[in-house]
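Report on one structure; see the data block that follows.
The values are calculated or read from the model by the stated rules, or taken from the named source; none is laboratory data. Note that the structure is predicted; figures quoted are calculated from it, not measured. Every residue, glycine as well, gets a Cβ built from its backbone with ideal geometry; the counts of neighbours run over all protein chains shown.
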Amino acid sequence: MGIEELVLHLTEQKGFEKGIEEGIEKGIEKGIEKGIEKGIAKGIAKGIEEGLEKGKLKEVRNLITKLGLSDEQAADVADVTIEFVKQVRATLKEQ
């Protein structure tokens, strides 16, 4: 292998290595970006879910305390399970 060929080979290898490095960096950046997006979406969904549950909790609490509905009636009106109503009622008794 002559000097010119050696220089060409080393130059190509450096370019190849640099390309790999840049590819890895871009891949990591994209992965982080997508991970953040998924995390945000998951957080928003969880927040909405918790907000809805708090709303149902308040609704069931009011149906029990203000209207005196039975577990079955409160569950039907609030569109929740009877078990959920029983849990709410149990927490009201603890208070």
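Computed values, structure above
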| item | result |
| --- | --- |
| Matching residues, region 1-52, being within 30 Å of ALA78 (Cα to Cα) and either of a type outside the set (Lys, Arg) or touching a residue at least 24 places away in the same chain (Cβ under 8 Å) (or both) | ILE40, ALA41, GLY43, ILE44, ALA45, GLY47, ILE48, GLU49, GLU50, GLY51, LEU52 |
| Residue identified as in contact with a Leu (Cβ under 7 Å, 6 or more places away or on another chain) and at pLDDT 95 or above among VAL60, VAL88 | VAL88 |
